[in-house]
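Peer 1: This is the structure I want to talk about, given as structure tokens.
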Amino acid sequence: MINKIEFFTAGCPRSQISEKNLKKALEKLGLEIEVESIDDPKVHETRGVAAFPALMVDGEIKSQGDFITVDDCEEMLSPYID
């Protein structure tokens, strides 16, 4: 079960599309989990995120610096589904 999803963004188009893809994947998987979108550079640094977009699930970085498709998101989230 997923407790927390954080999406780290720099506000670039690649990040915006990746975040939309993440939300589509959650909907497709039937998961009602709020995504915390973080665009504060100080928070990025303290959480160890150096490239954008980045996806963190329950405190573990799952993707960093790569464009994330809906399929990518489903693959990353599927191990957390009961």
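Where a number appears in this text, it was derived from the coordinates with a stated rule and is not lab data. In this text, all values refer to a predicted model and were calculated from it rather than measured experimentally. Cβ sites come from the backbone with ideal geometry, for glycine too, and all protein chains shown count toward neighbours.
Peer 1: For percent of Cα pairs over 21 Å apart, the choices are (1) 19; (2) 50; (3) 55; which was calculated from the structure?
Peer 2: (1)
Peer 1: Within region 24-38, whose backbone N sits under 19 Å from a point 7 Å along Cα→Cβ of PHE67?
Peer 2: Within reach of a label on PHE67: 24-25.
Peer 1: Arrange LEU55, LEU26, LEU31 by Cβ neighbour counts within 10 Å, fewest through most, would you?
Peer 2: Details: LEU55 24, LEU26 20, LEU31 14.
Least crowded to most crowded, the residues run LEU31, LEU26, LEU55.
Peer 1: What do you get for the angle between helix 13-28 and the principal long axis of the chain? Use alpha-carbon atoms, 0 to 90 degrees, nearest ten.
Peer 2: 20 degrees
Peer 1: What's the longest bit of the chain with no exposed GluC sites (Glu not before Pro), using DSSP loop states and at most 15 other Cβ atoms within 10 Å as the test?
Peer 2: Between exposed loop sites, the widest span is 35-82.
Peer 1: Using only DSSP helix segments of four residues or longer, with each worth -39500 (n - 2.57), what per-residue ellipticity at 222 nm results for the chain after dividing by its residue count and rounding to 500?
Peer 2: My calculation for the chain gives -10500 deg cm²/dmol from helical runs alone.
Peer 1: Return SER37, SER78, SER18, SER63 ranked ascending by Cβ neighbour count within 10 Å, so the fewest neighbours appear first.
Peer 2: Placing the least packed residue first, the sequence is SER78, SER37, SER63, SER18.
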